Amino acid sequence: MTEPEDRRLYALTALALAGMLVAAGMIFLYAPQDALQGPVQRIFYLHVNSAIAAYICFGMVVAGGVAYLWKESVRGDRLARAAATVGLVFTTNAFVMGMIWAKPIWNWDPSKTWDARVTSTAVLWVVYAGYLLVRRFATPGRPAMRLAAVVGIVGFVDVPVVHFSVQWWRTLHPGPVIDAAGGPALPPEMLLAFMVTMVAVLLLAGTLVAIRYRIEARRDELEDRAVAAQLELAASHGSR
Amino acid sequence: MSYLIEAYAFAVMLLGGFLVYSLVQLRRRS
(Lines give C-alpha, C1' and ligand atoms only; values in the text may rest on other atoms or scores of the structure.)
Protein backbone atom coordinates (compact mmCIF):
# COMPACT_ATOMS: atom_id res chain seq x y z
CA MET A 1 0.00 0.00 0.00
CA THR A 2 1.28 3.48 -0.82
CA GLU A 3 2.03 5.55 2.26
CA PRO A 4 0.81 9.18 2.45
CA GLU A 5 4.40 10.47 2.33
CA ASP A 6 5.02 8.48 -0.88
CA ARG A 7 1.82 9.88 -2.38
CA ARG A 8 3.08 13.39 -1.63
CA LEU A 9 6.34 12.54 -3.39
CA TYR A 10 4.46 11.25 -6.46
CA ALA A 11 2.37 14.46 -6.53
CA LEU A 12 5.58 16.52 -6.26
CA THR A 13 7.10 14.49 -9.12
CA ALA A 14 4.04 15.22 -11.31
CA LEU A 15 4.36 18.94 -10.49
CA ALA A 16 8.10 18.90 -11.30
CA LEU A 17 7.46 17.16 -14.64
CA ALA A 18 4.75 19.71 -15.49
CA GLY A 19 7.24 22.46 -14.62
CA MET A 20 9.84 20.94 -16.95
CA LEU A 21 7.27 20.79 -19.78
CA VAL A 22 6.49 24.50 -19.29
CA ALA A 23 10.24 25.20 -19.27
CA ALA A 24 10.64 23.24 -22.52
CA GLY A 25 7.89 25.39 -24.06
CA MET A 26 9.68 28.55 -22.93
CA ILE A 27 13.06 27.34 -24.23
CA PHE A 28 11.96 26.03 -27.64
CA LEU A 29 8.86 28.11 -28.46
CA TYR A 30 9.00 31.38 -26.51
CA ALA A 31 12.67 32.37 -26.26
CA PRO A 32 13.93 34.19 -29.36
CA GLN A 33 16.75 32.72 -31.44
CA ASP A 34 20.21 34.10 -30.74
CA ALA A 35 21.37 36.19 -33.69
CA LEU A 36 25.02 35.08 -33.45
CA GLN A 37 24.91 31.45 -32.30
CA GLY A 38 21.57 30.31 -33.75
CA PRO A 39 19.55 27.42 -32.22
CA VAL A 40 22.48 25.91 -30.28
CA GLN A 41 22.37 28.86 -27.83
CA ARG A 42 19.19 27.30 -26.36
CA ILE A 43 21.50 24.85 -24.54
CA PHE A 44 22.24 27.82 -22.22
CA TYR A 45 18.91 27.59 -20.33
CA LEU A 46 19.35 24.06 -18.98
CA HIS A 47 23.17 24.13 -18.87
CA VAL A 48 23.39 27.12 -16.51
CA ASN A 49 20.38 26.09 -14.39
CA SER A 50 21.80 22.58 -13.93
CA ALA A 51 24.97 24.17 -12.55
CA ILE A 52 22.89 26.35 -10.17
CA ALA A 53 20.93 23.27 -9.00
CA ALA A 54 24.24 21.43 -8.40
CA TYR A 55 25.64 24.35 -6.32
CA ILE A 56 22.48 24.34 -4.16
CA CYS A 57 22.62 20.55 -3.71
CA PHE A 58 26.26 20.76 -2.60
CA GLY A 59 25.23 23.57 -0.22
CA MET A 60 22.75 21.08 1.27
CA VAL A 61 25.60 18.54 1.66
CA VAL A 62 27.47 21.17 3.70
CA ALA A 63 24.38 22.03 5.79
CA GLY A 64 23.74 18.33 6.46
CA GLY A 65 27.41 17.72 7.28
CA VAL A 66 27.51 20.66 9.70
CA ALA A 67 24.27 19.44 11.35
CA TYR A 68 25.86 16.03 11.79
CA LEU A 69 29.19 17.29 13.17
CA TRP A 70 27.49 19.80 15.48
CA LYS A 71 24.52 17.84 16.80
CA GLU A 72 25.19 14.29 15.52
CA SER A 73 21.99 14.72 13.48
CA VAL A 74 21.32 11.52 11.52
CA ARG A 75 18.73 13.45 9.49
CA GLY A 76 21.46 15.92 8.52
CA ASP A 77 23.66 13.05 7.36
CA ARG A 78 20.74 11.60 5.40
CA LEU A 79 20.09 14.96 3.71
CA ALA A 80 23.78 15.17 2.78
CA ARG A 81 23.69 11.68 1.23
CA ALA A 82 20.55 12.50 -0.77
CA ALA A 83 21.76 15.91 -1.96
CA ALA A 84 25.25 14.69 -2.97
CA THR A 85 23.78 12.15 -5.41
CA VAL A 86 21.42 14.70 -6.97
CA GLY A 87 24.20 17.33 -7.10
CA LEU A 88 26.47 14.92 -8.93
CA VAL A 89 23.75 14.20 -11.53
CA PHE A 90 23.19 17.92 -12.16
CA THR A 91 26.96 18.55 -12.35
CA THR A 92 27.21 15.80 -14.98
CA ASN A 93 24.35 17.40 -16.92
CA ALA A 94 25.88 20.90 -16.83
CA PHE A 95 29.29 19.49 -17.76
CA VAL A 96 28.18 17.38 -20.73
CA MET A 97 25.74 19.97 -22.11
CA GLY A 98 28.53 22.57 -21.87
CA MET A 99 30.94 20.37 -23.79
CA ILE A 100 28.36 19.72 -26.53
CA TRP A 101 27.71 23.49 -26.76
CA ALA A 102 31.44 24.27 -26.88
CA LYS A 103 32.07 22.09 -29.91
CA PRO A 104 30.24 24.16 -32.58
CA ILE A 105 30.92 27.55 -30.95
CA TRP A 106 34.64 27.28 -30.09
CA ASN A 107 35.42 24.14 -32.09
CA TRP A 108 36.70 23.12 -28.68
CA ASP A 109 39.08 20.23 -28.20
CA PRO A 110 39.71 19.60 -24.48
CA SER A 111 42.98 17.82 -25.22
CA LYS A 112 44.39 21.01 -26.80
CA THR A 113 42.83 23.96 -24.96
CA TRP A 114 42.72 24.37 -21.18
CA ASP A 115 39.60 25.95 -19.72
CA ALA A 116 39.36 27.05 -16.08
CA ARG A 117 35.62 26.37 -15.75
CA VAL A 118 35.88 22.89 -17.27
CA THR A 119 38.88 21.94 -15.11
CA SER A 120 37.39 23.25 -11.84
CA THR A 121 34.05 21.54 -12.63
CA ALA A 122 35.86 18.25 -13.31
CA VAL A 123 37.53 18.60 -9.88
CA LEU A 124 34.09 19.26 -8.30
CA TRP A 125 32.70 16.16 -9.97
CA VAL A 126 35.59 14.00 -8.72
CA VAL A 127 35.28 15.42 -5.15
CA TYR A 128 31.59 14.53 -4.82
CA ALA A 129 31.98 11.21 -6.66
CA GLY A 130 34.68 10.52 -4.02
CA TYR A 131 32.21 11.56 -1.32
CA LEU A 132 29.70 8.99 -2.60
CA LEU A 133 32.44 6.33 -2.77
CA VAL A 134 33.30 7.04 0.87
CA ARG A 135 29.61 6.57 1.69
CA ARG A 136 29.43 3.33 -0.23
CA PHE A 137 32.59 1.59 0.91
CA ALA A 138 33.18 2.85 4.47
CA THR A 139 31.70 0.60 7.16
CA PRO A 140 28.31 2.14 8.01
CA GLY A 141 28.14 3.95 11.34
CA ARG A 142 29.25 7.10 13.10
CA PRO A 143 32.89 7.16 11.85
CA ALA A 144 31.70 6.96 8.20
CA MET A 145 29.17 9.75 8.83
CA ARG A 146 31.87 11.94 10.40
CA LEU A 147 34.36 11.29 7.58
CA ALA A 148 31.71 11.96 4.91
CA ALA A 149 30.65 15.20 6.63
CA VAL A 150 34.26 16.45 6.55
CA VAL A 151 34.73 15.46 2.87
CA GLY A 152 31.41 17.11 1.93
CA ILE A 153 32.27 20.36 3.73
CA VAL A 154 35.88 20.58 2.51
CA GLY A 155 34.82 19.68 -1.05
CA PHE A 156 32.49 22.69 -1.14
CA VAL A 157 35.59 24.93 -1.29
CA ASP A 158 35.64 24.13 -5.02
CA VAL A 159 32.16 25.60 -5.63
CA PRO A 160 33.27 29.28 -5.43
CA VAL A 161 36.36 28.31 -7.46
CA VAL A 162 34.08 26.95 -10.23
CA HIS A 163 31.84 30.02 -10.03
CA PHE A 164 34.59 32.66 -10.10
CA SER A 165 36.98 30.74 -12.37
CA VAL A 166 35.84 32.76 -15.39
CA GLN A 167 36.83 35.98 -13.59
CA TRP A 168 40.01 34.74 -11.90
CA TRP A 169 41.64 33.23 -14.99
CA ARG A 170 41.83 34.20 -18.64
CA THR A 171 39.85 31.38 -20.14
CA LEU A 172 37.59 30.30 -23.00
CA HIS A 173 34.34 30.06 -21.04
CA PRO A 174 32.30 33.28 -21.23
CA GLY A 175 32.01 35.51 -18.14
CA PRO A 176 28.86 36.01 -16.05
CA VAL A 177 25.66 36.61 -18.06
CA ILE A 178 22.90 36.60 -15.41
CA ASP A 179 24.91 38.13 -12.54
CA ALA A 180 26.94 40.38 -14.83
CA ALA A 181 28.05 43.75 -13.47
CA GLY A 182 25.29 46.21 -14.42
CA GLY A 183 22.50 43.60 -14.54
CA PRO A 184 21.66 40.55 -16.66
CA ALA A 185 23.17 40.72 -20.16
CA LEU A 186 20.08 39.16 -21.81
CA PRO A 187 17.00 40.47 -23.63
CA PRO A 188 13.84 40.32 -21.41
CA GLU A 189 12.32 37.32 -23.30
CA MET A 190 15.48 35.24 -22.81
CA LEU A 191 15.67 36.30 -19.17
CA LEU A 192 12.04 35.23 -18.59
CA ALA A 193 12.69 31.84 -20.24
CA PHE A 194 15.79 31.49 -18.06
CA MET A 195 13.89 32.31 -14.85
CA VAL A 196 11.01 29.91 -15.65
CA THR A 197 13.55 27.15 -16.40
CA MET A 198 15.32 27.93 -13.12
CA VAL A 199 12.08 27.48 -11.13
CA ALA A 200 11.35 24.19 -12.96
CA VAL A 201 14.90 22.83 -12.54
CA LEU A 202 15.03 23.75 -8.84
CA LEU A 203 11.64 22.10 -8.32
CA LEU A 204 12.94 18.96 -10.06
CA ALA A 205 16.14 19.01 -7.98
CA GLY A 206 14.13 19.49 -4.77
CA THR A 207 11.84 16.60 -5.72
CA LEU A 208 14.81 14.34 -6.42
CA VAL A 209 16.43 15.24 -3.09
CA ALA A 210 13.11 14.50 -1.29
CA ILE A 211 12.81 11.11 -3.02
CA ARG A 212 16.45 10.20 -2.31
CA TYR A 213 15.99 11.31 1.33
CA ARG A 214 13.02 8.94 1.68
CA ILE A 215 15.02 6.08 0.12
CA GLU A 216 17.91 6.75 2.53
CA ALA A 217 15.51 6.85 5.49
CA ARG A 218 14.14 3.43 4.53
CA ARG A 219 17.68 2.08 4.09
CA ASP A 220 18.56 3.33 7.61
CA GLU A 221 15.41 1.70 9.03
CA LEU A 222 16.32 -1.65 7.44
CA GLU A 223 19.92 -1.42 8.74
CA ASP A 224 18.69 -0.56 12.26
CA ARG A 225 16.32 -3.53 12.17
CA ALA A 226 19.08 -5.87 10.99
CA VAL A 227 21.41 -4.68 13.78
CA ALA A 228 18.62 -5.06 16.39
CA ALA A 229 17.89 -8.61 15.14
CA GLN A 230 21.59 -9.53 15.36
CA LEU A 231 21.83 -8.13 18.90
CA GLU A 232 18.72 -10.08 19.90
CA LEU A 233 20.18 -13.26 18.42
CA ALA A 234 23.52 -12.71 20.21
CA ALA A 235 21.69 -12.05 23.50
CA SER A 236 19.61 -15.21 23.15
CA HIS A 237 22.77 -17.26 22.46
CA GLY A 238 24.50 -15.66 25.45
CA SER A 239 21.63 -16.47 27.84
CA ARG A 240 21.75 -20.19 26.98
CA MET B 1 20.65 22.07 -34.80
CA SER B 2 22.04 18.58 -34.24
CA TYR B 3 24.17 19.78 -31.29
CA LEU B 4 21.05 21.23 -29.66
CA ILE B 5 19.15 17.95 -30.09
CA GLU B 6 22.18 15.99 -28.83
CA ALA B 7 22.46 18.15 -25.70
CA TYR B 8 18.77 17.96 -24.79
CA ALA B 9 18.54 14.24 -25.62
CA PHE B 10 21.40 13.68 -23.16
CA ALA B 11 19.69 15.82 -20.50
CA VAL B 12 16.36 14.01 -20.89
CA MET B 13 18.06 10.61 -20.66
CA LEU B 14 20.20 11.56 -17.64
CA LEU B 15 17.62 13.50 -15.58
CA GLY B 16 14.66 11.36 -16.69
CA GLY B 17 16.62 8.15 -16.17
CA PHE B 18 17.72 9.22 -12.70
CA LEU B 19 14.14 10.20 -11.77
CA VAL B 20 12.76 6.84 -12.97
CA TYR B 21 15.58 4.95 -11.18
CA SER B 22 14.80 6.84 -7.94
CA LEU B 23 11.05 6.20 -8.24
CA VAL B 24 11.67 2.48 -8.81
CA GLN B 25 13.91 2.36 -5.72
CA LEU B 26 11.25 4.20 -3.72
CA ARG B 27 8.58 1.72 -4.80
CA ARG B 28 10.74 -1.32 -4.05
CA ARG B 29 11.49 -0.17 -0.53
CA SER B 30 7.89 0.67 0.41
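The values are calculated or read from the model by the stated rules, or taken from the named source; none is laboratory data. These numbers were taken from a predicted model, which means no experiment stands behind them. All Cβ positions, glycine included, derive from the backbone under ideal geometry; neighbour counts span all protein chains shown. Surface accessibility is based on the protein's heavy atoms, side chains included, excluding ligands, DNA and RNA. Shrake-Rupley method; radii C 1.70, N 1.55, O 1.52, S 1.80 Å.
Assorted remarks:
Okay, residues lined up against (1) touching an Asp or Glu at 6+ places or on another chain (Cβ under 8 Å); (2) over 25 Å from A:LEU21 (Cα atoms); (3) surrounded by fewer than 16 Cβ atoms within 10 Å (Cβ to Cβ):
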residue: A:GLN167; (1), (2), (3): no, yes, yes
residue: A:ALA185; (1), (2), (3): no, yes, yes
residue: A:ALA193; (1), (2), (3): no, no, no
residue: A:THR197; (1), (2), (3): no, no, no
residue: A:LEU202; (1), (2), (3): no, no, no
residue: A:GLY206; (1), (2), (3): no, no, no
residue: A:GLU216; (1), (2), (3): no, yes, no
residue: A:GLU223; (1), (2), (3): no, yes, yes
residue: A:VAL227; (1), (2), (3): no, yes, yes
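- A:GLN230 being closer than 24 Å to A:ARG135 by Cβ and away from chain B (no Cβ under 14 Å): yes
- Contact annotation: residue pairs with Cβ atoms under 9 Å, 6 or more positions apart or on different chains, pairing a residue in the range B:1-25 that is at the interface with chain A (Cβ under 7 Å from one of its Cβ atoms) and part of a helix (DSSP H, G or I) with a partner that is open to solvent by 50 Å² or more (accessible area, probe 1.4 Å) and among the basic types (Lys, Arg), are B:TYR3/A:LYS103.
- A:ARG142 open to solvent by 40 Å² or more (accessible area, probe 1.4 Å) and out of contact with any Asp or Glu (no Cβ under 9 Å at 6 or more places or on another chain): no
- If the condition is being small (Gly, Ala, Ser) and touching a residue at least 24 places away in the same chain (Cβ under 8 Å), then the range A:77-115 contributes A:ALA80, A:ALA82, A:ALA83, A:ALA84, A:GLY87, A:ALA94, A:GLY98, A:ALA102.
- Restricted to the range A:68-80, and to residues there that are in a helix (DSSP H, G or I) and open to solvent by 30 Å² or more (accessible area, probe 1.4 Å), the residue that is nearest to A:ARG117 (Cα to Cα) is A:LEU79.
- Unmet criterion (only one of (1) touching a helix residue (DSSP H, G or I) at 6+ places or on another chain (Cβ under 7 Å); (2) in contact (Cβ under 8 Å) with a residue 60 or more places away in the chain; (3) open to solvent by 40 Å² or more (accessible area, probe 1.4 Å)) for A:VAL159: (3)
- Residues in the range A:97-132 that are more than 14 Å from chain B (Cβ to nearest Cβ) and in a helix (DSSP H, G or I): 15 in all.
- If the condition is being over 29 Å from B:VAL12 (Cβ atoms) and at pLDDT 85 or above, then the range A:94-136 contributes only A:VAL134.
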